[in-house]
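Below is one structure, written out as structure tokens; comments come after it.
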């Protein structure tokens, strides 16, 4: 039976466990900063800090009390499979949506059905990453990861939602690559859309990541699943990345953390240079749009025998020129 029975175009899912003060922040930000009619589902893994009572008292929340920690992928999927809205979004319980960001993402998807996911730029507010314009890295196959995003629910269903082979980390890089494999484009908001109040950043860091992985080599799972993309570092790709690193290094020499050059932050320049499936002319092609860093697999890779989503891939023109075309 569907968890969500309200006819609203957007469902926002937030998983939580014993983080009530942070949870209040993400809930308030969604409710006060989102005009798009939406259902807000909060998935609790057995909190004992007053979260359950808070969920029961909040009229805007649909609570799902799972009662135990199931791992991030299984936790979300148990709910996501029953969602019937047009669009879906997942958020962490230590985030804060910038007002209007979800509305903008839905507007992008409504305007262009060839876009399969809108990545929400995320900025750390704590820890060593707080000085970066935003967080977001490239996979070993040159795909720019979406830490949080908004996408059509039907497309999430097509790729099987989050990959449950992972316990927690790497589910978002996997989903990003999976959406690209369906023949759709993945874009990133130009503006920061999510503030990440990473409470453990200066305390545990990599130790928490290792613990959450539960002894699973998540990188090996990703590597095997998308092995058909293994020829990622062609001479052209390496040359482009090296050239952009050199140029951006010169442009941002002695520049402060918030500096921009040609309308792009230092992180934008790095991602533009290293992203394998993004056009070198991306900034010009997306001038005046609320998104950029557009990624699209060339038709030859979408049709490749090793593509796990080849059978259901859409005949969608990439509308961008990457080095692989």
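The values are calculated or read from the model by the stated rules, or taken from the named source; none is laboratory data. Fair warning: this is a prediction, and the values are worked out from it, not measured in the lab. All Cβ positions, even for glycine, are placed from backbone atoms using ideal geometry, and neighbour counts span all protein chains on display.
If you take the residues of the stretch 291-312 that are in contact with a helix residue (DSSP H, G or I) (Cβ under 9 Å, 6 or more places away or on another chain) and surrounded by fewer than 18 Cβ atoms within 10 Å (Cβ to Cβ), which of them is modelled with the lowest pLDDT?
The residue in question is 312.
What's the total number of residues in the stretch 144-187 that are assigned to a loop (DSSP other than H, G, I, E, B), touching a helix residue (DSSP H, G or I) at 6+ places or on another chain (Cβ under 7 Å) and either modelled with pLDDT under 95 or under 24 Å from residue 74 (Cα atoms) (or both)?
So the answer is 15.
Exactly one of these conditions fails for residue 275: (1) modelled with pLDDT under 95; (2) within 19 Å of the chain's Cα centre (by Cα); (3) more than 23 Å from residue 239 (Cβ to Cβ). Give me its number.
Tallying (1) modelled with pLDDT under 95; (2) within 19 Å of the chain's Cα centre (by Cα); (3) more than 23 Å from residue 239 (Cβ to Cβ), residue 275 fails exactly one: (3).
Going by the conditions given, is residue 266 closer than 26 Å to residue 123 by Cβ and modelled with pLDDT of 85 or more?
Against the criterion (closer than 26 Å to residue 123 by Cβ and modelled with pLDDT of 85 or more), residue 266 qualifies.
What is the number of the single condition among (1) surrounded by 12 or more Cβ atoms within 10 Å (Cβ to Cβ); (2) out of contact with any strand residue (DSSP E or B) (no Cβ under 9 Å at 6 or more places or on another chain); (3) not in a helix (DSSP H, G or I) that residue 287 does not meet?
Every listed condition holds for residue 287 apart from (1).
Please verify whether residue 142 is crowded, with 21+ Cβ neighbours inside 10 Å, in contact (Cβ under 8 Å) with a residue 24 or more places away in the chain and on the phi > 0 side of the Ramachandran plot, treating the condition exactly as stated.
Spelling it out, residue 142 is indeed crowded, with 21+ Cβ neighbours inside 10 Å, in contact (Cβ under 8 Å) with a residue 24 or more places away in the chain and on the phi > 0 side of the Ramachandran plot.
If you scan the stretch 250-273, which residues turn out to be assigned to a helix (DSSP H, G or I) and loosely packed, with under 12 Cβ neighbours inside 10 Å?
250
Do you know which of the residues in the stretch 205-242 that are surrounded by 13 or more Cβ atoms within 10 Å (Cβ to Cβ) and part of a loop (DSSP other than H, G, I, E, B) is modelled with the highest pLDDT?
That would be 226.
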